[in-house]
Amino acid sequence: MLRAFRIVGGCLVFVAIIILGLEAGLRAFPQELIPLSYLKRFHKDVRLEIAQRLLLRNESQMRVIERDDGGPTLKLYKPNTMIHYDFKARNEKGDTRLDAQGFCNPPRDRYDLPTIDLIILGDSFTACVVSQPEATWASQLGMLTGKSVYNLGRGGVGPYEYLQIFRYFGLPKEPDVVVMNIYEGNDLRDSIHFHEHVASGREGRILYRHAGDRYQPELDYDGLLDHPIGRNSYAANLLLAAFGKNLHKAFLLANGGKLDEREKVNFRYELQFPDNVMKFNLQNADESEVRFAKKLRAGEIELSAFDDALERFVAMSSEHGFKPIVAYTPSAHIAYAEYVHFEDPALSELMPWFSQMQREFFRDAADRIGFRFVDLTAAMQVAGRELRDRELLYFPVNLHFTKKGHRVYAQALANALSGVD
């Protein structure tokens, strides 16, 4: 009996040492050892602590604004927030301080003016990602046109959120022109998600994490970790997060489903210039662009998901007297279409088709609904053909505009808007 107790005791000591070692390692090197997909499942207190340490976006930086359209909770940065970007690549990291309203604007683009000529709406391709506020195409557009300008870009949201932000911050400035920037990579996704959220509320359903055509139950991580160990231990949070992620896979397999489509997408590609080959999207980011292109091709979703937002945009322009402009930003692989080579050959036809379908939709919607559509795809392709690898328009890892990309986009849009009074 004594021998058995010693064996059990020794095992417990060994396990304790392993757990303490794991805890120490996680606390010393959280950025290297904790995947972001796991961190999202940590207890809110631990998640916030780690996010603040790593300068990641976190709840302490955010505020909620009220919506009038039934959409999901809309969070914006608090005034003067410092945001940090690090995409694990040279020249793709940096810090940016947002302005007194929590948006990406340099001091020259003031919000405290009684009126502002030009208001810009959009996602991360409009806001700051690595680039400093004065380098964004929105700020440069103001310089090129000689108009007062204010950038209301907010990453991670779509057209329905753009209008909520505009209603709250833009309308009071009585703009003459409002540019809604559409990014072809994920604005359709965000519009679909908006409609799903509204429908779920109307029907009394609860939306869970989406996996293919199924909705899977998600663990209540905060509830399961709401005790002293869960609120303090990095190791306990990591282990539960790993369990939850594997539960997701088990749920799908048990119900005859396949693993999450995101795990099958290979969206990596390279640009094969005449004298150089450059690899793009090495981290396989923005895979939702591929998934939603497939959904559109399969008839599972429709581009009419944009309609309500566009109609409201035009209705607001009629009511408040501004000119509604919809500008279109192509993905990096479309801007460099002449040189792109996908690792997945199926994308060579799918992704250009996805881009063409969206641009044709907005061109037709402009006549049908009554806004002006400015497609910047050709301008970015011309610049990409002229500059090639000498001066890239998009970063290879984070896939957003470089400083040069912002300049090219601003000049092309300024040219297009030169006749807008």
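We did not get these values from a lab; they are worked out from the coordinates using the rules stated. Not measured: the values here are computed from a predicted model. Here the Cβ positions follow ideal geometry from the backbone for every residue, glycine too, while neighbour counts run over all protein chains shown.
Largest GNM mean-square fluctuation among Leu152, Leu74, Leu399, using the chain with Cα springs under 10 Å: Leu74. Across Ile50, Ile18, Ile229, mean-square fluctuation computed from a Gaussian network of the chain (C-alpha pairs under 10 Å connected) peaks at Ile18.
Working note: Cα atoms of the chain, range along each principal axis, descending, whole Å: 92, 50, 45. Taking amide hydrogens as placed 1.01 Å from N in the peptide plane, the amide H of Thr329 sits under 5 Å from those of Ile182, Tyr183, Glu184, each at least 5 positions away in sequence or on another chain. By its C-alpha gyration tensor, with a ≥ b ≥ c as the square roots of the eigenvalues, how is the stretch 53-112 shaped: rounded for a/c under 1.5, else prolate for a/b larger than b/c, else oblate? Oblate.
Hey, what number do you get for the chain at 222 nm if only DSSP H runs of n ≥ 4 count, each worth -39500 (n - 2.57), divided across all residues, to the nearest 500? Result for the chain, helices only: -13000 deg cm²/dmol.
Of all DSSP-defined beta bridges confined to the chain, some 55% are antiparallel rather than parallel.
Highest mobility in the GNM of the chain, judged by mean-square fluctuation with C-alpha springs under 10 Å and restricted to His333, His84, His406, is found for His84.
A 25 angstrom limit on the alpha carbon distance is what I want to check against. Which of Lys294/Lys403; Lys40/Lys75; Lys323/Lys403; Lys88/Lys279 exceed it? With Cα atoms farther than 25 Å apart: Lys294/Lys403; Lys323/Lys403. Taking a ≥ b ≥ c as the square roots of the eigenvalues of the Cα gyration tensor, the stretch 293-340 is classed as oblate, since a/c reaches at least 1.5 and a/b does not exceed b/c. Across the stretch 276-285, coupling constants 3J(HN,Hα) worked out from phi with the 6.51/-1.76/1.60 Karplus curve, θ = phi - 60°, read 6, 10, 10, 7, 10, 6, 5, 8, 6, 7 Hz, and Gly and Pro carry x. Hey, quick one: spin label on Val277, modelled 7 Å out along Cα-Cβ, who in the stretch 332-352 has an amide N within reach, i.e. under 15 Å? Answer for this model: 339-345. Computed about its Cα centre, the charge dipole of the chain is approximately 1380 debye, with only Lys, Arg, Asp and Glu carrying charge at their Cβ. Convex hull volume of the C-alpha atoms in the stretch 362-421, normalised per residue: 102 Å³. For the stretch 353-366, backbone phi angles converted through the Karplus equation (6.51, -1.76, 1.60; θ = phi - 60°) give residue-by-residue couplings of 4, 4, 5, 4, 4, 5, 5, 5, 4, 5, 5, 5, 5, 4 Hz, Gly and Pro being listed as x. Between the amide H of Ile65 and those of Leu74, Leu76, distances stay under 5 Å, these residues lying 5 or more places away or on another chain, with hydrogens modeled in the peptide plane. Over the stretch 46-145, the ratio between the Cα radius of gyration and 2.2 N^0.38 Å evaluates to 1.18.
For the stretch 133-174, trypsin sites (Lys or Arg not before Pro) are listed when DSSP marks them as loop and at most 14 other Cβ atoms sit within 10 Å of their Cβ; the list is empty. Backbone amide hydrogens, once placed in the peptide plane, bring Leu219 within less than 5 Å of nothing, excluding anything fewer than 5 places away on its chain. The phi torsions of the stretch 163-175, fed into the Karplus equation with coefficients 6.51, -1.76 and 1.60 and a -60° offset, translate into couplings of 5, 5, 5, 5, 4, 7, 10, x, 4, x, 8, 6, x Hz, rounded to whole numbers, with Gly and Pro shown as x.
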